[in-house]
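Novice: One structure, as C-alpha cells, below. Some questions next.
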Amino acid sequence: MPAATPRSLHDLGFAELVEMLAKDGVIAHHAKALWRALYHEGALDLADHRFSPPLQRWADQAVGAGKAFFLDAPEVADEIRSADGLTRKFLLRLRDGQTIETVLMGYDGRQTVCVSTQVGCAMGCVFCATGQMGFVRHLRPDEIVAQVLHCRRVLHHDHPDKRLRNLVMMGMGEPLHNLDAVLHALNIISDVRGIGIGPSKIAISTVGVAPGILRLAHEQQPYRLAVSLHGSTEKERAALVPVSQRWPLTVLLDACRQYGALTGKRIFFEWILIAGKNDSPATAARLARLLAGIDTHINLIPLNPTGGFTGTASKAGHAFQKILLDAGFPCTFRQRRGVDVAAGCGMLKADRRTRG
Ligand code: SAH
Ligand code: SF4
C-alpha cells in the first residue's frame, strides 16, 4: 500500500482503478463492482457493501481515515431554491475550506448540472462575479466529479424518477485553464458503467482560450464547445473580457474555424447583452460578418446584474437577435434560470460574502 498523501477514490479513472487494484492483487473483474458502487449507487461508505471478499478486504484496508484513499462528499454550506422550485443552487465546501457553486436546473423535463472548474477565475471578465473574485485555485478531478454526484444524490432523493442527463461547465472558473483535470473528470462522468452522462450532452464553455480549443479539436474530444464572445471588435471585447488581449478575436476565431474543420462540429457562441456596450445593431451586423462560414448557434444571454452594468432592454435584444436570424444564424435567448436565486455564476458566493 503506498504511503503517499491520501487521494480521493473519485480521482481515479476506470483504467487506473483496475491497475491500482491489480497492484494490490485484486483482479480486474472486481473493478466493475467498485465502479458501480461509486458512480451508480453514489456510495460514500464501502464498509459492508457486499462486495466479493477480495474487494471488500481491499476496501477495508485501503479506503478510510489515515489510509491510501478517502471517500467523501463536499459539505453543503448554503443552498438557494428558485421560487418555481426548478433551480437549486448549492454552495459546496471543499476539504480545504474553499467554496464553489454548483447548480441543478430542471427545465423542459431535462435535468442539467452546471459545474464549477476552479475556485475563482483568472480571466477577470468585468461583468462576472467570479472574475471579480480573482483566481484562488484549480479544482481537482474528484472535486468536479463530486459536484455531479451531489446533484444526482439530491435528484434521486427528491425525484427518484428523474435522471441527470446534461452537464454544462458554466459555473465558476475557466475550464480550458484547467483542462487536464476537466478532461479527466469528464472521462469519469461520461463512463457508461457509472454516471453515464453522454458526451454529446456535455458542454464545455470557454472565454476563448485558443490553445485549449485547438487541443480539444486535435484530440477529437467528443464534448460540445461553447465560446463566450461578447464583443465584435478587439476594443469592444477587451473592455469586457480582459483576457482577449492575450488571445485576440482574430486568433480566437481562427482557432474556432480550425475546430470546426477538424471536428465537423457546431460551436455555440455565447453573448451577454449589456446595455450600451455590445448591443447595437451595428455590433450585431459585425458579429454576423465575423462568424460567417462557421457552423454555429448563437446564444444570447440576459445579463445577471453584478454591479455597474445594465442588461439590454427586451426590445433592443430582439432587434439584435433579428439581425443575426436574418443573416442566417440560429440564434436563441438563453432561458433565464431561476432569476430569483441570483443565477449568474459566482453570485451565490459573492452574495454570501456580503451577507457575512
Ligand atoms: N469561464 C467560462 C465558463 C464559466 S462562465 C466562460 O466564460 O465561458 C459561464 C457563462 O456565464 C459564460 O457564458 C459567461 O459569459 C456567463 N456569465 C458570467 N457572468 C454573467 C452575468 N453577470 N450575467 C450573465 N451571464 C454571465
Ligand atoms: Fe471566468 Fe467565465 Fe467569469 Fe470570465 S465569465 S471571469 S472566464 S468564469
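The values are calculated or read from the model by the stated rules, or taken from the named source; none is laboratory data. Predicted model, so just to flag it, every value in this text is computed and none were measured. Cβ atoms come from the backbone with ideal geometry, glycine included; neighbour counts cover every protein chain shown. The protein model used for the area step is the full one, side chains on, heavy atoms only, and it has no ligands, DNA or RNA in it. Shrake-Rupley method; radii C 1.70, N 1.55, O 1.52, S 1.80 Å.
Novice: So, restricting to helices (runs of 4 or more DSSP H) that lie completely within segment 1-94, which ones have at least 3 residues that are closer than 28 Å to residue 137 by Cβ and under 24 Å from the mean Cα position of the chain (by Cα)? Talk me through it step by step, then tell me what you get.
Specialist: Details: elements: 14-23, 31-35, 53-62.
Of the helices (runs of 4 or more DSSP H) lying wholly inside segment 1-94, those with at least 3 residues that are closer than 28 Å to residue 137 by Cβ and under 24 Å from the mean Cα position of the chain (by Cα) span 14-23.
Novice: Let me ask something additional. Among the candidates 146, 185, single out the residue that is crowded, with 19+ Cβ neighbours inside 10 Å, touching a Lys or Arg at 6+ places or on another chain (Cβ under 9 Å) and part of a helix (DSSP H, G or I). First the steps, then the outcome.
Specialist: Numbers: 146 fails: touching a Lys or Arg at 6+ places or on another chain (Cβ under 9 Å).
Within the list 146, 185, the selection yields 185.
Novice: Please identify the pairs in which a residue from segment 262-273 that is farther than 19 Å from residue 128 by Cα has its Cβ atom under 9 Å from the Cβ atom of a residue that is near ligand 1 (Cβ under 9 Å from one of its atoms) and part of a strand (DSSP E or B), counting only partners at least 6 apart or on another chain.
Specialist: Every condition considered, the pairs that remain are 267/226; 267/227; 268/205; 268/226; 268/227; 268/299.
Novice: Limited to segment 128-144, what total is found for residues that are out of contact with any Asp or Glu (no Cβ under 6 Å at 6 or more places or on another chain), closer than 16 Å to residue 8 by Cα and of a type outside the set (Val, Ile, Thr)?
Specialist: Of all residues in segment 128-144, those out of contact with any Asp or Glu (no Cβ under 6 Å at 6 or more places or on another chain) come to 128-140, 143-144.
Next cut, closer than 16 Å to residue 8 by Cα only: 138-140, 143-144.
Retained after the next criterion (residues that are of a type outside the set (Val, Ile, Thr)): 138-140, 143.
Within segment 128-144, residues that are out of contact with any Asp or Glu (no Cβ under 6 Å at 6 or more places or on another chain), closer than 16 Å to residue 8 by Cα and of a type outside the set (Val, Ile, Thr) number 4.
Novice: Is it true that some residue in segment 191-205 is more than 30 Å from residue 32 (Cβ to Cβ) and in the same structural domain as residue 119 (by TED's automatic domain parsing)?
Specialist: Going residue by residue through segment 191-205, those that are more than 30 Å from residue 32 (Cβ to Cβ) are 205.
Going one step further and asking which of them are in the same structural domain as residue 119 (by TED's automatic domain parsing), we end up with 205.
The answer is yes, given that some residue of segment 191-205 is more than 30 Å from residue 32 (Cβ to Cβ) and in the same structural domain as residue 119 (by TED's automatic domain parsing).
Novice: Can you say whether residue 295 is among the acidic types (Asp, Glu), open to solvent by less than 50 Å² (accessible area, probe 1.4 Å) and in contact (Cβ under 8 Å) with a residue 24 or more places away in the chain, as far as the supplied structure shows? It would help to see each step written out before you state the result.
Specialist: Numbers: among the acidic types (Asp, Glu): yes; open to solvent by less than 50 Å² (accessible area, probe 1.4 Å): no; in contact (Cβ under 8 Å) with a residue 24 or more places away in the chain: yes.
No.
Novice: Which residues, counting only those in segment 244-277, are touching a strand residue (DSSP E or B) at 6+ places or on another chain (Cβ under 7 Å) and more than 24 Å from residue 168 (Cα to Cα)?
Specialist: Across segment 244-277, the qualifying residue is only 275.
Novice: Just name the residue that is most open to solvent (accessible area, probe 1.4 Å) out of those in segment 110-142 that are assigned to a helix (DSSP H, G or I) and near ligand 1 (Cβ under 10 Å from one of its atoms).
Specialist: Let us first name the residues in segment 110-142 that are assigned to a helix (DSSP H, G or I), namely 129-133, 141-142.
Adding the requirement that they be near ligand 1 (Cβ under 10 Å from one of its atoms) leaves 129-132.
Details: 129: 13, 130: 2, 131: 10, 132: 116 Å².
Only one residue tops the list, namely 132.
Novice: I've got another one for you. In this structure, does residue 245 turn out to be closer than 20 Å to residue 186 by Cα and open to solvent by 10 Å² or more (accessible area, probe 1.4 Å)?
Specialist: Values: closer than 20 Å to residue 186 by Cα: no; open to solvent by 10 Å² or more (accessible area, probe 1.4 Å): yes.
Answer is no for this residue.
Novice: Here is a further query. So which residues in segment 298-319 are outside any loop (DSSP other than H, G, I, E, B), without any contact (Cβ under 8 Å) to a residue 40 or more places away in the chain and within 10 Å of ligand 1 (Cβ to nearest atom)?
Specialist: Restricting attention to segment 298-319, the residues satisfying the condition of being outside any loop (DSSP other than H, G, I, E, B) are 298-302, 311, 314-319.
When the remaining residues are screened for being without any contact (Cβ under 8 Å) to a residue 40 or more places away in the chain, the result is 298, 300-302, 311, 314-315, 318-319.
Selection gives 301, 302, 311.
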